[in-house]
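As structure tokens, the structure follows; a few thoughts come after it.
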Amino acid sequence: MWENKFIRILAFGGFLLVTGIIYQEFYRPPELAPVAASGRTVEIHMRVLENEWAWEPAELRVAPGDRVVLHIFNEDAYDHGFALEVFGINKRLFPKRETTIEFLASKEGAFNFYCSVPCGEGHYRQTGKFIVTPGALEAGDASAMPVELSPVE
Ligand SMILES: [Cu+2]
């Protein structure tokens, strides 16, 4: 029966499937597991302060699984960029304009974001922190930043 190559391919497929399930159930480190969507949308309004190479707010806090909508207004007369590598985000922020970036906070932890467009003397200190923590679940806990919560329809 093992002479038949289709049977062998099928058996190999079954082997991969079973070992994959065993890995996911018993061996996968929890930090690699996908985060369940929380069903919340968190809208955050941010600014790049004029000639200060600074984000306002510079620290953002959401809960794992939140859908995040960033509205970033660039007050400067020149370009900046918003990069948050862990979620694959790198977007150009055009001058005197709002840029909207949407993504799922699918990973827990504290991550740095930074300006990704060479923009002047303060470029390398134009950084901030994006924190994904279950502690950010209560709307009141939005630690000193303008966050609006709205349920997803
Ligand atoms: Cu820059």
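The values are calculated or read from the model by the stated rules, or taken from the named source; none is laboratory data. Source: prediction; values computed, not measured. Cβ: placed from backbone, ideal geometry, glycine included. Neighbour counts: every protein chain shown.
Going by the structure shown, is residue 111 at pLDDT 95 or above, closer than 22 Å to residue 37 by Cα and not acidic (Asp, Glu)? Spell out the reasoning first.
Numbers: at pLDDT 95 or above: yes; closer than 22 Å to residue 37 by Cα: yes; not acidic (Asp, Glu): yes.
Against the criterion (at pLDDT 95 or above, closer than 22 Å to residue 37 by Cα and not acidic (Asp, Glu)), residue 111 qualifies.
Which condition number does residue 21 fail, the rest of (1) in contact with a strand residue (DSSP E or B) (Cβ under 9 Å, 6 or more places away or on another chain); (2) over 18 Å from residue 120 (Cβ atoms); (3) modelled with pLDDT of 95 or more being met?
Condition not satisfied by residue 21: (1).
Consider residue 46 carefully, then state whether it is surrounded by 15 or more Cβ atoms within 10 Å (Cβ to Cβ) and aliphatic (A, V, I, L, M). Don't jump to the end; show me each part of the working.
Working: surrounded by 15 or more Cβ atoms within 10 Å (Cβ to Cβ): yes; aliphatic (A, V, I, L, M): yes.
For residue 46, the condition - surrounded by 15 or more Cβ atoms within 10 Å (Cβ to Cβ) and aliphatic (A, V, I, L, M) - is met.
Please verify whether residue 65 is within 16 Å of the ligand (Cβ to nearest atom), small (Gly, Ala, Ser), crowded, with 18+ Cβ neighbours inside 10 Å and in contact (Cβ under 8 Å) with a residue 12 or more places away in the chain, treating the condition exactly as stated.
Details: within 16 Å of the ligand (Cβ to nearest atom): no; small (Gly, Ala, Ser): yes; crowded, with 18+ Cβ neighbours inside 10 Å: yes; in contact (Cβ under 8 Å) with a residue 12 or more places away in the chain: yes.
Spelling it out, it is not the case that residue 65 is within 16 Å of the ligand (Cβ to nearest atom), small (Gly, Ala, Ser), crowded, with 18+ Cβ neighbours inside 10 Å and in contact (Cβ under 8 Å) with a residue 12 or more places away in the chain.
Got a number for residues in the range 112-133 being surrounded by fewer than 17 Cβ atoms within 10 Å (Cβ to Cβ) and of a type outside the set (Val, Ile, Thr)?
Residues that pass the stated criteria total 9.
Can you work out which of the residues in the range 68-98 that are touching a Lys or Arg at 6+ places or on another chain (Cβ under 7 Å) and more than 14 Å from the ligand (Cβ to nearest atom) is nearest to residue 133 (Cα to Cα)?
Going through the qualifying residues, I end up with 86.
Taking the range 106-131 as the region of interest, how many residues are small (Gly, Ala, Ser), near the ligand (Cβ under 8 Å from one of its atoms) and touching a Gly at 6+ places or on another chain (Cβ under 9 Å)? Give the derivation first.
Here is the first cut: in the range 106-131, the ones small (Gly, Ala, Ser) are 106, 109-110, 116, 120, 122, 128.
The next check asks that each one be near the ligand (Cβ under 8 Å from one of its atoms); those that pass are 116, 120, 122.
Okay, now just the ones that are also touching a Gly at 6+ places or on another chain (Cβ under 9 Å), so 116.
Residues meeting the conditions: 1.
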